[in-house]
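Visitor: Got a structure for you, written out below as structure tokens; questions coming shortly.
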Amino acid sequence: MKVTEHIGNAKGETLFSFEIIPPVKGHNIQELYDNIDPLMEFNPPFIDVTTSREEYVYIDRDGLLDKKLTRMRPGTVGICASIKHKYNVDTIPHVLCGGFTKEETEYLLIDCHYLGIQNVMALRGDAMKEEKYFEPTSGGHAYASDLVQQIHKLNCGEYLHEVVERDHCADFCIGVAGYPEKHMEAPSLQTDLKRLKQKVDEGAHYVVTQMFFDNKKYFEFVDAARAAGITVPIIPGIKPVAVKRHLQLLPQVFRIDLPQELIDAVEACKNNKQVRQVGIEWAIEQSRELKQAGVPVLHYYSMGKSDNIKAIAEAVF
């Protein structure tokens with residue numbers, strides 16, 4: 001079932017969903033199951049599975065460093081299929097511009113179609129670690145809006161090199177990212193909203209926001225998006241602070257602000273166990289206010305750990 005159909009069927013009730021990352025290659029999928037199992041009691045209608053782009057590793061060969069391209073967390077589509085089969089829940093693979101050619105993207109989408117996966121999350125992706133700015137993959141897309149356009153064309157039966165009959169079209173529900181505090185590369189929030197509107201105009205069906213820690217910023221973002229003509233569901237993304245270094249890491253990586261009240265509470269903690277509890281309590285208050293406001297879904301960035309997400313869900317749902 002599509003995300004938009006899940007939202008429609010909920011008839012105004014706020015749904016619970018979360019996002020996981022594939023294990024590092026060589027690890028077993030049981031690690032994912034162990035973290036998903038405790039969250040299934042909250043009946044998530046869908047689960048997102050991230051995709052990692054390629055990265056360089058250096059292998060020592062007799063004193064000389066050999067630079068090799070690899071993917072540390074492969075298997076997104078296979079994991080989606082496995083979760084869908086095991087839990088009978090819809091899964092949403094993340095599809096990236098970075099690291100994939102248009103042809104590779106088409107093959108990935110065809111695999112999703114074969115497997116009955118009806119939802120995809122279309123993202124540009126981050127720059128490689130060696131890059132200061134995002135550089136498009138040769139033969140790939142430069143912008144998420146171009147990726148959305150490719151997926152939308154596939155929904156219309158238009159493949160890269162041929163057109164098929166309408167009876168054999170894909171029918172993907174397309175999600176895209178939104179940034180309540182603007183994308184780090186956007187010169188202004190207004191410019192960023194224009195880019196979001198373009199993604200919706202190209203065929204996106206819903207938006208999931210980047211994490212934020214001040215609900216006021218989400219509400220203002222939704223109001224601004226509606227004023228810009230964006231009418232699709234806008235799902236808030238929530239990430240509980242878990243370790244003290246998040247105070248530096250999250251603003252640095254995601255270009256977001258943390259409320260001073262949260263900063264003070266984390267800095268007062270003596271260890272990360274206390275920080276984790278502060279993060280849970282903050283996310284509970286965030287979630288309750290958002291739920292009361294009638295958001296369609298509360299989407300949690302679990303990052304492979306479920307104990308804090310479970311504690312939040314028990315208090316909110």
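Readers should treat all values here as calculations from the given coordinates under stated rules, not as data from a laboratory. Given the structure is predicted, the values throughout are model-derived calculations rather than measurements. Because the Cβ atoms are built from the backbone with ideal geometry, glycine has one as well, and the counts that use them run over all protein chains shown.
Visitor: State whether region 131-227 is rounded, prolate or oblate according to the following rule on the C-alpha gyration tensor (a ≥ b ≥ c being the square roots of its eigenvalues): a/c under 1.5 gives rounded; otherwise a/b larger than b/c gives prolate, and the remaining case gives oblate.
Guide: Oblate, because a/c is 1.5 or more while a/b does not exceed b/c.
Visitor: Under 10 Å, Cα contacts only: if you run a Gaussian network model on the chain, which one of Tyr206, Tyr159, Tyr301 comes out with the highest mean-square fluctuation?
Guide: In the Gaussian network model the winner is Tyr159.
Visitor: By how many nm would the segment from Gln277 to His27 grow when fully extended, if each residue of separation counts as 0.36 nm and the alpha-carbon distance is taken off?
Guide: Taking Gln277 through His27 to full extension adds about 87.2 nm, to one decimal.
Visitor: Once Lys and Arg get +1 and Asp and Glu get -1 on their Cβ, which of Gly304, Gln277, Val316 lies farthest toward the positive end of the dipole of region 248-317?
Guide: Gly304
Visitor: Enter the Cα centre distance for the pair region 220-242 and region 13-27, rounded to the nearest angstrom.
Guide: 21 Å
Visitor: Another question, then. Bin by bin, in steps of 5 Å, what percent of the Cα pairs in region 111-159 do you find, going until the bin that has the longest distance?
Guide: 5, 17, 21, 23, 16, 10, 6, 1
Visitor: What does the highest-first list of 279-286, 1-8 look like by mean Cβ count within 10 Å?
Guide: Highest mean packing first, the order is 279-286, 1-8.
Visitor: If we sort 266-277, 38-49 on the protection proxy, mean other Cβ atoms within 10 Å, highest first, what's the order?
Guide: Ranked by mean Cβ neighbours within 10 Å, highest first: 38-49, 266-277.
Visitor: Please work out whether the chain counts as rounded, prolate or oblate from its C-alpha gyration tensor, where a ≥ b ≥ c are the square roots of the eigenvalues and a/c under 1.5 means rounded, while otherwise a/b larger than b/c means prolate and anything else oblate?
Guide: rounded
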